[in-house]
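Colleague: Below you will find the structure I want to go over with you.
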Amino acid sequence: MLYVEILGNLPGMARDEVKAMLEPAGGEIAGQDYLFLKVNADERVFPFLDRLGLAHEYGELIVEAESVEELLEKAKEVEWPIKGTFKVDTETMANCRHNVLDLPRKLGAVIHAQGFRVNLSRPDTLVRVYCGERLYAGIRLRFFDPKDFEGRKAHHRPFFRPISLHPRVSRALVNLTGARKELLDPMMGAGGILIEAGLLGLKVYGVDIRPEMVEGTEMNLLHYGIRNYELKLGDATKLEELFDKKFKAVATDPPYGTSATLAGRKRDELYRKVLESIYGVLDKGGRLAIAFPASFDGKKEAEKVGFRLVGRYYQRVHKSLDRYFYVFEK
Ligand SMILES: C[S@@+](CC[C@H](N)C(=O)[O-])C[C@H]1O[C@@H](n2cnc3c(N)ncnc32)[C@H](O)[C@@H]1O
């Protein structure tokens, strides 16, 4: 059994991102305790879990218990798969209902009794205890360092436009499409979504109506070592004229309403046409991940075009902007 700790700011989207990454390797979410997901899968899912954007870490779940006493009893019975030295670290989630103050020391003593050495400053293995409704102890296998994502925020890129999603969110949008080989962003802006897809080794296709975005995105992709791309100057409402191929995965973040980024169109009309146009270049069963301001009923409009809603996640960005991220399937 594995576990994934998801981030708390978009929990529904984070959970579905995990689900999407488990699908190709035949894994499934077996339970949830606040931000702690129990995952039924084997090591074939590691390359997919390594792609996650909205996760804090994943690892191997070793014991689960109803109480501190039960956890310590069970911990004595298992063989801890520890390499080198170890340290016990506790994650007290907002719904934690156990007294875990002394647990790292007590669990550390149990594991130490099996012959493993503690190293509090530079352990080789981190034993993680999660406290929620229940208690869980596992071994961390991968930590998603926030610095990696922070380092790709818009202002760190050579071509900077303040219109970009957070890299973690862009990464999640890519993953929610289930993209395995390639991905199209028909309103790519400065390329935030394409960077995240490109770093996963996907071939990226991008379109923008403004020439400086096409040049700027190319600069940004090259900056991150991404060379497998095709960028076009063009109109996202006429994708079938731009491509003589179909896509399995499309992710995009359309402009929200400033006149410059809308290129002179009426916002809602642009959104409707973009949805129709994307539908035209998607394969049957292909997926679209897209953001719309909350004032636009993306579900209704996408269903009119023929899409089926797979997921919808609300986010309040600031006082005057709240939006939904949608996942649709053709
Ligand atoms: C919100 S930005 C995208 C930001 C992008 N996700 C990023 O991370 O940099 C929206 C982009 O859509 C482009 N755009 C507006 N109308 C368009 C159209 N009809 N066809 C293609 N691109 C369009 C704008 O030029 C702008 O660059």
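The values are calculated or read from the model by the stated rules, or taken from the named source; none is laboratory data. From a predicted model like this one, the values you see are computed outputs, not experimental measurements. Every residue, glycine among them, receives a Cβ derived from its backbone with ideal geometry; neighbour counts consider all protein chains shown. Note: areas computed on protein heavy atoms with side chains; ligands, DNA, RNA excluded. Shrake-Rupley method; radii C 1.70, N 1.55, O 1.52, S 1.80 Å.
Colleague: When all C-alpha to C-alpha distances in segment 59-203 are sorted into bins of 5 Å, what percent of pairs does each bin hold, rounded to whole numbers?
Modeller: 2, 9, 15, 15, 11, 9, 9, 12, 10, 6, 2, 0
Colleague: Enumerate the residues in segment 1-41 having an amide nitrogen under 19 Å from the point lying 7 Å beyond the Cα of D50 toward its Cβ.
Modeller: Answer for this model: 2-5, 18-27, 41.
Colleague: As I understand it, the dipole of the chain uses +1 on the Cβ of Lys and Arg and -1 on the Cβ of Asp and Glu, about the Cα centre. Which of F160, A179, A289 lies farthest toward its positive end?
Modeller: Final value for the positive-end residue is F160.
Colleague: Expressed in nm², what is the orientationally averaged projection area of the convex hull enclosing the Cα positions of segment 277-330?
Modeller: Details: hull surface 14.2 nm².
Mean shadow area of the hull around the Cα atoms is 3.5 nm².
Colleague: If you filter segment 64-119 for GluC sites (Glu not before Pro), then keep DSSP loop positions with at most 10 other Cβ within 10 Å, what is left? Write down the numbers at each step before the final one.
Modeller: On the way: sites: E64, E66, E69, E70, E73, E77, E79, E91; in loops: E66, E79.
Passing both the DSSP loop test and the Cβ count: E79.
Colleague: Hey, another quick one. Using a simple charge model, +1 on the beta-carbon of Lys and Arg, -1 on the beta-carbon of Asp and Glu, nothing else, what dipole does segment 2-144 show about its Cα centre, in debye to the nearest 20? Could you put the intermediate results ahead of the total?
Modeller: On the way: 18 positive and 23 negative charges, 101 e Å.
Once rounded to the nearest 20, the dipole reads 480 debye.
Colleague: Additional query: Determine the per residue accessible area of the chain with all protein chains present and a 1.4 angstrom probe, expressed in square angstrom. Write down the numbers at each step before the final one.
Modeller: Working: 15160 Å² over 330 residues.
Ligands and nucleic acids excluded, the result is 46 Å² per residue.
Colleague: Need the full-extension length gain, K266 to A113, defined as separation in residues times 0.36 nm minus the C-alpha distance. One decimal, nm. List each step's numbers first, then the result.
Modeller: On the way: separation 153, 0.36 × 153 = 55.08 nm, distance 6.89 nm.
Stretched out fully, the K266 to A113 stretch lengthens by 48.2 nm.
Colleague: Which whole number of Å³ per residue matches the convex hull of the alpha-carbon atoms in segment 150-329?
Modeller: Details: hull volume 18.8 nm³, N = 180.
For segment 150-329, the hull spanned by Cα atoms encloses 105 Å³ per residue.
Colleague: Suppose R0 equals 22 Å. What FRET efficiency, 1/(1 + (r/R0)^6) with r the Cβ-Cβ distance, do K153 and E212 give to the nearest 0.05? Intermediate results must be reported in sequence, preceding the final value.
Modeller: On the way: r = 20 Å, r/R0 = 0.90.
According to the calculation, E is roughly 0.65.
Colleague: Sticking with this one: Given the chain, what percent of its DSSP beta bridges are antiparallel, to the nearest 5?
Modeller: Details: 43 of 66 bridges.
Here the antiparallel bridges make up roughly 65 percent for the chain.
Colleague: Over all pairs of distinct alpha carbons, what does the Kirkwood formula give as the hydrodynamic radius of segment 207-296, in Å? Don't jump to the answer; show the numbers that get you there.
Modeller: On the way: mean 1/r = 0.0703 Å⁻¹.
Computed over segment 207-296, the radius equals 14.2 Å.
Colleague: Taking the inverse of the average 1/r across all pairs of different Cα atoms in segment 2-144, what Kirkwood radius in Å do you get?
Modeller: Working: mean 1/r = 0.0650 Å⁻¹.
With all distinct Cα pairs of segment 2-144 included, I get 15.4 Å.
Colleague: If each residue of separation counts as 0.36 nm, what is the full-extension length gain between K203 and D244 once their alpha-carbon separation is subtracted? Don't skip to the answer; put the middle values down first.
Modeller: On the way: separation 41, 0.36 × 41 = 14.76 nm, distance 1.62 nm.
Value of the extension gain: 13.1 nm.
Colleague: While we're here: What's the center-to-center distance, using Cα atoms, between segment 143-160 and segment 163-228 in Å?
Modeller: 14
Colleague: Let me check against my output: what whole-number percent is the relative contact order of segment 150-329, with C-alpha pairs under 8 Å and at least 6 apart?
Modeller: On the way: 354 pairs, mean separation 33.5, N = 180.
Result for segment 150-329 is 19 percent.
Colleague: If you place +1 on the Cβ of every Lys and Arg, -1 on the Cβ of every Asp and Glu, and leave all else neutral, what size is the dipole of segment 19-97 about its Cα centre, to the nearest 20 Debye?
Modeller: Details: 9 positive and 17 negative charges, 55 e Å.
Rounded to the nearest 20 debye, it is 260 debye.
Colleague: Assuming R0 = 30 Å, what is the FRET efficiency of E79 and D145, from their Cβ-Cβ distance, to the nearest 0.05?
Modeller: Working: r = 29 Å, r/R0 = 0.98.
That pair, E79 with D145, gives E of 0.55.
Colleague: Let me ask something else about it. Distance from the Cα centre of segment 1-74 to that of segment 79-128, in angstrom?
Modeller: 19
Colleague: Of the accessible area of the chain, with the probe set at 1.4 angstrom, what percent is carbon plus sulfur?
Modeller: Details: 7260 of 15160 Å².
About 48 percent, which is the carbon plus sulfur part of the accessible surface.
Colleague: Taking Rh as the Kirkwood radius computed over C-alpha pairs, what is the Stokes-Einstein D of the chain at 10 °C in a medium of viscosity 1.306 mPa s, expressed in µm² per second?
Modeller: Result for D is 75 µm²/s.
Colleague: Considering only DSSP beta bridges where both residues belong to segment 150-329, give the percentage that are antiparallel (nearest 5). List each step's numbers first, then the result.
Modeller: Details: 16 of 31 bridges.
Approximately 50 percent, going by the DSSP bridge assignments.
Colleague: Follow-up question, since we're still on this one. Taking amide H positions as placed 1.01 Å from N in the peptide plane, with prolines and chain starts having none, which residues 5 or more places from A55, or on another chain, fall under 5 Å of its amide H?
Modeller: Placed amide hydrogens put L7 under 5 Å from A55.
Colleague: Would you please state which residues of segment 49-79 a label at D102 would reach in this model, taking the label point 7 Å out along Cα→Cβ and a backbone N cut-off of under 16 Å?
Modeller: 67-73
Colleague: Rounded to the nearest 20 debye, what is the charge dipole size of segment 150-329 about its Cα centre when +1 sits on each Lys and Arg Cβ and -1 on each Asp and Glu Cβ?
Modeller: Details: 31 positive and 23 negative charges, 103 e Å.
Using only the charged Cβ atoms, the result is roughly 500 debye.
Colleague: Same structure again: Evaluate E = 1/(1 + (r/R0)^6) for L309 and F160, where r is the Cβ-Cβ distance and R0 equals 35 Å; express this FRET efficiency to the nearest 0.05.
Modeller: Values: r = 34 Å, r/R0 = 0.97.
After rounding to 0.05, the efficiency reads 0.55.
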